[in-house]
Amino acid sequence: MKRSLITVFAIVVLLFLIFNVTEVQVFDENLNVAISGVKVNNFLTNEEGIAKFLDFSFSPFLTLERIGYETTKLKTHFNPLYRQLKVGLSEADAQYIKSQVTNWANGISNYRYELTTKRQNYSYKFVQVIDGKNKYTKTETEENGKVSSTEIFVISDKVYTRINGGEVQAVENPEDYIANNLILIPLSDVIDEFLNSVDGSVKFSTPNNIQFLSNDSNNKLTLIISSLGIPSELLLETESNQILEEASLKIDLENTKVSLDEK
């Protein structure tokens, strides 16, 4: 009995030595504010910039990654039971951030996005949803108060369409219809168009609001990062001859199911 207790005690002590609770608080070195959505060894920081997780006491490194900031790798020391660190991240330059966003977009397979362009008396909206083989697109234009729209649904190899918000209609020759009517623009291509529209400096209003400015034009691109550390919206503002044109891209990785209930 005594030997069993000693064995249990030894195991408990060993576990305390092997594992620890690691708490990392991450902040922007320039703005001196917390950064949410930072991957700290794949655990995300919260709104207060804190990630807390179970780690190995002898783990030699911590890797911190988030779009907008230079990837940082820290060497740590042996810390049983509890380890606490405060880490500042350096804001990255425009080209570095563009590469981060591009690499992220190339890894996304299922998504919903809404692309909108607005200028005086005219607006254009294109919605695309990709969920495996199921797809949905909606093209909507509004000019001088007149709205027209076309929706296409591809669900389980069946094709449906809806014109100007009317009844959903099944398509009799789906292959021919898709070949002639379904236009798919990958999310990564749309993002590249936004990023290529600006070629100048970058400014951080907050860790989640990053602005790109062009050196030789009136283009301004705002990149909105979600609390999970990924792009949620890009807003491009272009001013020419005192006329402002806005293009926005809203990205949704959660609501990607394609159904005939789409609105």
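The values are calculated or read from the model by the stated rules, or taken from the named source; none is laboratory data. What you are looking at is a predicted structure, and each value in this text was computed from that prediction instead of being measured. Please note: Cβ atoms are built from the backbone with ideal geometry, for glycine as well, and neighbour counts cover all protein chains shown.
Selection of the stretch 246-262 for residues being more than 30 Å from D157 (Cα to Cα) and surrounded by fewer than 16 Cβ atoms within 10 Å (Cβ to Cβ) yields only E246. Counting the residues of the stretch 21-31 that are outside any strand (DSSP E or B) and either closer than 16 Å to E65 by Cβ or without any contact (Cβ under 8 Å) to a residue 12 or more places away in the chain (or both) gives 1. Has the stretch 114-123 got at least one residue that is surrounded by 15 or more Cβ atoms within 10 Å (Cβ to Cβ), assigned by TED's automatic domain parsing to the domain that holds P231, out of contact with any strand residue (DSSP E or B) (no Cβ under 8 Å at 6 or more places or on another chain) and of a type outside the set (A, V, I, L, M)? No - not one qualifying residue is present in the stretch 114-123.
Please determine whether any residue of the stretch 50-69 is out of contact with any Asp or Glu (no Cβ under 8 Å at 6 or more places or on another chain), closer than 30 Å to L213 by Cβ, not assigned by TED's automatic domain parsing to the domain that holds G229 and not aliphatic (A, V, I, L, M).
Step one: list which residues in the stretch 50-69 are out of contact with any Asp or Glu (no Cβ under 8 Å at 6 or more places or on another chain), which gives 53-67.
Retained after the next criterion (residues that are closer than 30 Å to L213 by Cβ): 64-67.
Now restrict to residues that are not assigned by TED's automatic domain parsing to the domain that holds G229: 64-67.
Imposing the further condition that a residue be not aliphatic (A, V, I, L, M) reduces the set to 65-66.
Yes, the stretch 50-69 contains at least one residue that is out of contact with any Asp or Glu (no Cβ under 8 Å at 6 or more places or on another chain), closer than 30 Å to L213 by Cβ, not assigned by TED's automatic domain parsing to the domain that holds G229 and not aliphatic (A, V, I, L, M).
Residues that are touching a residue at least 40 places away in the same chain (Cβ under 8 Å), farther than 30 Å from K73 by Cβ, β-branched (V, I, T) and assigned by TED's automatic domain parsing to the domain that holds F204: does the stretch 164-179 have at least one? Among the residues of the stretch 164-179, at least one is touching a residue at least 40 places away in the same chain (Cβ under 8 Å), farther than 30 Å from K73 by Cβ, β-branched (V, I, T) and assigned by TED's automatic domain parsing to the domain that holds F204, which makes the answer yes.
Remark: I97 matches the filter, which requires a residue to be assigned to a helix (DSSP H, G or I), surrounded by 16 or more Cβ atoms within 10 Å (Cβ to Cβ), out of contact with any helix residue (DSSP H, G or I) (no Cβ under 7 Å at 6 or more places or on another chain) and among the aliphatic types (A, V, I, L, M).
The condition of being at pLDDT below 95, surrounded by 14 or more Cβ atoms within 10 Å (Cβ to Cβ), over 17 Å from S109 (Cα atoms) and not β-branched (V, I, T) holds for only one of E151, E142, that being E142. Any residue at all in the stretch 182-195 that's surrounded by fewer than 16 Cβ atoms within 10 Å (Cβ to Cβ) and within 30 Å of N32 (Cβ to Cβ)? No, that holds for no residue.
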